[in-house]
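Below is one structure, written out as structure tokens; the observations come after it.
The values are calculated or read from the model by the stated rules, or taken from the named source; none is laboratory data. All values derive from a computational prediction rather than experimental measurement. In this analysis, Cβ positions are derived from the backbone assuming ideal geometry, glycine residues included, and neighbour counts consider all displayed protein chains. The accessibility values were calculated without ligands, DNA or RNA, using every heavy atom of the protein model including side chains. Shrake-Rupley method; radii C 1.70, N 1.55, O 1.52, S 1.80 Å.
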Amino acid sequence: MWTFFHKLGSPPYFYRIAGRLIPWLGWVCAGLLVAGLYGGLVLAPPDYQQGDSYRIIFIHVPSAWMSLFIYVLMAVSGAVGLIWRIKVAEAIAAASAPVGAWFTFLALITGSLWGKPMWGTYWVWDARLTSELILLFLYLGVIGLHSAIEDRRTASRATAVLSLVGLVNIPIIHFSVEWWNTLHQGATVTKIGAPSIDLSMLLPLLIMALGFKLYYFMVLLMRSRVEVLERERGSVWVREVVQTG
Amino acid sequence: MSKPSTSLFEATKLECWRGDRCLFSELDLALAAGEALQVVGPNGCGKTTLLRAVCGLTRAERGTFIFRGAPLDGSPETFRSELVYIGHENGLKSELTALENLRALRDIAAQRRELSLQAALKRVGLEGFEDRPVRTLSSGQRRRVALARLLIAQATLWLLDEPFTALDQAGARLVNVLVEQHLNAGGGIIFTSHIPLALTKGSPRQIMLST
Amino acid sequence: MRAFVAVTRRDLLLAVRRRSEIANPLLFMLIVISLFPLGISPAPETLRLIAPGIIWVVALLSVLLTLESMFRADFDDGSLEQMLVSPHPLALLVTAKIAAHWLVTGLPLLLVSPLLGALTHLNAATTVVLAASLALGTPVLSFVGAIGVALTVGLRRGGALLSLLVLPLYIPTLIFGANAVSAVMDGLPYHGQLMMLGAFLLFSLALAPLAAAAALRISMN
């Protein structure tokens, strides 16, 4: 087990393994997304209050989950890179940030689209949306810092510190925003009636969540492969890869 | 020439990068007590980086450091307390006087010697300038304020990056004398300079970096 | 301890020599606060409603204005290098820098808070709570800001990036700081909010210097 991880830390090995995994992830992910969308858009019954407009949760909720999941993964792999100086971990952290930012953006957009039929307006300072917005700012900070520092390794290490600081702050921000929200808006409409959700809705939702996760892993592997290539461009194995194609 | 005395500082298989470029790799250097080592090479070859790596400002990609026979992994504090580093920048605040600057630098740096700040400034030829804001001093005089740190710190290892910068002839002689005294007292010096250092025992050993 | 005092004293001395560094953020704060009655309404009820929020937002911004000065000059003149090769723990020296920064920016802000309260028609009891919230909250801004400056100190155009890094992290302080003031105006309990600010302060005191020290070592590389 440990030797596997140890090997995975070596860039050429990671490059090969990732290259082999990507097609598999791609097919499974496509299958799950098709099944999830079919289940969510066709099989699941309309909501008795919201009609069909609730169906956006099959995109919105998994994106929101992913936005947080990716931040945690980015911070953890950043920390691994920082402490053990593993280049692959640095590449994974660097590759995660834009993907996470896009998922956050997607969650915000779908949330606001959903808000229109629900609240009659595209934007409501609802606790979840506000937290998601702040998370987007945190992502943009990470991306901004990474692109501002020329030296890649320094950029990775600085970004790792920033994302760890962000990680520590996310629960505090979340709690503050929740508290602020209850204070200013009274009880807002909770979006998912969590206990009452029907299995026919829950199942597609979970399938979609899994599909999103696999999509992320696939994109992550693709991006980190490129990162690894760029970071190791001086080395012999990269020259071999480039020459043999 | 220099008898094989006790090893003060060693670095083995040192490797440093700047961006994509490997400045040096597999670099070994050893410094005995009472010895000076001059780092030479063309501009951009990594002389400053080497000094910064030794004092821990720049992270070496690979390599180990040994100070007084013990590897420098866990506790850089003891090593740092025996170290004076004078970089390109003097580390002086232009709004503060020479004395105020020196006092602050003394208090955050290595253990101090029984020498008053005034005496140290006098020794580097700045008598009468103690209470002048550093911004009114010439660049050579500022360099002298920085060099005064060598006198007040109880440090074994001196790392000097271009110590002769901006100094006049008298200033250069002063550096020579300070260096000589430090070596006689059993200290070690690693420095970069394009100017040869004339010691009574002969020129110091050189380590050549290439691009 | 001697090193801590030395760093704080040097920074305070510098602030005294460049007095504008203390005065400018204060003037900024006063001017911006006086823009709101002009821009929105001078009616006391309106001002009272928005006062906690705007005072806190402007405090955030004026601290943000001064953050860069925390390490920028030290970076340029080589003082930062000397702090990094010092045998004393860098986090301790960073704490000293933060303490000096707060004494130069946060404390004056706290001292003019009665004036800010008067400008926005806050009563005495509210002004006291405003001062208390600033006393607990502004050090948090200095601590958290130090991490941001430490990360961007080596960059040529770090200023805009700095606000992007730091402002989201200021949100909890803003929420509880401003709310403590509005709560007392509405006759609601405000101790919880102040305790929360106190908790943020302790938390940032414990962790921010370590993060800022790590960030400085990376930036100086």
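Some observations on this one:
- Scan the stretch C:120-159 for residues that are over 13 Å from the mean Cα position of the chain (by Cα), closer than 22 Å to C:Ala208 by Cβ and assigned to a helix (DSSP H, G or I) and the total you get is 6.
- Here the condition is being in contact with a helix residue (DSSP H, G or I) (Cβ under 9 Å, 6 or more places away or on another chain), open to solvent by 20 Å² or more (accessible area, probe 1.4 Å), within 14 Å of chain C (Cβ to nearest Cβ) and in contact (Cβ under 8 Å) with a residue 12 or more places away in the chain; of B:Gly87, B:Gly56, B:Gly125, it holds for B:Gly56 alone.
- Selection over the stretch C:10-19 of residues that are more than 7 Å from chain B (Cβ to nearest Cβ) and either surrounded by 14 or more Cβ atoms within 10 Å (Cβ to Cβ) or in a helix (DSSP H, G or I) (or both) gives a count of 4.
Conditions tested, residue by residue: (1) part of a loop (DSSP other than H, G, I, E, B); (2) open to solvent by 50 Å² or more (accessible area, probe 1.4 Å); (3) at pLDDT below 95.
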residue	(1), (2), (3)
A:Trp123	yes, yes, yes
A:Leu129	no, no, yes
A:Phe137	no, yes, no
A:Thr159	no, no, no
A:Leu164	no, yes, no
A:Val177	no, no, yes
A:Asn181	no, no, yes
A:His184	no, yes, yes
A:Lys191	yes, no, yes
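- Selected residue [within 14 Å of another protein chain (Cβ to nearest Cβ), at negative phi and among the β-branched types (Val, Ile, Thr)] from C:Val32, C:Val85: C:Val85
- Among (1) farther than 17 Å from B:Leu167 by Cα; (2) in contact with a Lys or Arg (Cβ under 9 Å, 6 or more places away or on another chain); (3) aliphatic (A, V, I, L, M); (4) outside any loop (DSSP other than H, G, I, E, B), the one test that B:Ala110 misses: (4)
- Looking across the stretch A:94-137 at every residue that is within 14 Å of chain C (Cβ to nearest Cβ) and under 13 Å from the mean Cα position of the chain (by Cα), the one that is nearest to A:Ser224 (Cα to Cα) is identified as A:Ala97.
- Selected residue (only one of C:Phe71, C:Phe143, C:Phe75 is aromatic (Phe, Trp, Tyr) and surrounded by fewer than 24 Cβ atoms within 10 Å (Cβ to Cβ)): C:Phe75
Here is a yes/no grid of residues against (1) buried (at least 21 other Cβ atoms within 10 Å of the Cβ); (2) in contact with a Pro (Cβ under 7 Å, 6 or more places away or on another chain); (3) under 12 Å from B:Leu83 (Cα atoms):
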{"position": "B:Ala155", "(1), (2), (3)": "yes, no, yes"}
{"position": "B:Leu159", "(1), (2), (3)": "yes, no, yes"}
{"position": "B:Phe164", "(1), (2), (3)": "no, no, no"}
{"position": "B:Asp168", "(1), (2), (3)": "no, no, no"}
{"position": "B:Leu183", "(1), (2), (3)": "yes, no, no"}
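- Matching residues, the stretch C:147-178, being open to solvent by less than 20 Å² (accessible area, probe 1.4 Å), of a type outside the set (A, V, I, L, M, F, W, C) and within 9 Å of another protein chain (Cβ to nearest Cβ): C:Gly148, C:Thr152, C:Gly158, C:Pro168, C:Pro172, C:Thr173
- With respect to the conditions (1) open to solvent by 20 Å² or more (accessible area, probe 1.4 Å); (2) closer than 21 Å to B:Arg80 by Cα, B:Asp131 lacks only one, and its number is (2).
- Count - residues of the stretch B:90-108 that are crowded, with 21+ Cβ neighbours inside 10 Å and facing chain C (nearest Cβ under 7 Å): 8
- Test: B:Leu50 is out of contact with any Asp or Glu (no Cβ under 8 Å at 6 or more places or on another chain), within 30 Å of B:Gly140 (Cβ to Cβ) and buried (at least 21 other Cβ atoms within 10 Å of the Cβ): yes
- Whichever residue in the stretch B:138-152 is under 24 Å from C:Leu12 (Cβ atoms) and open to solvent by 10 Å² or more (accessible area, probe 1.4 Å) and, among such residues, is farthest from the chain's Cα centre (by Cα): B:Arg142
- Count - residues of the stretch B:156-192 that are more than 24 Å from B:Glu15 (Cβ to Cβ) and out of contact with any His (no Cβ under 8 Å at 6 or more places or on another chain): 25
- Within the stretch A:83-111, the set of residues being of a type outside the set (A, V, I, L, M, F, W, C), farther than 12 Å from A:Arg157 by Cα and open to solvent by 20 Å² or more (accessible area, probe 1.4 Å) comprises just one member, A:Pro98.
- Residue count for the stretch B:16-32 satisfying the condition of being away from chain C (no Cβ under 14 Å) and touching a helix residue (DSSP H, G or I) at 6+ places or on another chain (Cβ under 9 Å): 4.
- C:Ala73 vs. criteria modelled with pLDDT of 95 or more, within 30 Å of B:Thr58 (Cβ to Cβ), assigned to a helix (DSSP H, G or I) and of a type in the set (A, V, I, L, M): no
- Conditions (1) out of contact with any helix residue (DSSP H, G or I) (no Cβ under 6 Å at 6 or more places or on another chain); (2) in a loop (DSSP other than H, G, I, E, B); number of the one not met by B:Glu95: (1)
- Flag if C:Ala208 is among the hydrophobic types (A, V, I, L, M, F, W, C), open to solvent by less than 20 Å² (accessible area, probe 1.4 Å) and more than 10 Å from chain A (Cβ to nearest Cβ): no
- Residue in the stretch C:110-128 that is in contact with a Gly (Cβ under 7 Å, 6 or more places away or on another chain) and open to solvent by 50 Å² or more (accessible area, probe 1.4 Å) present: no
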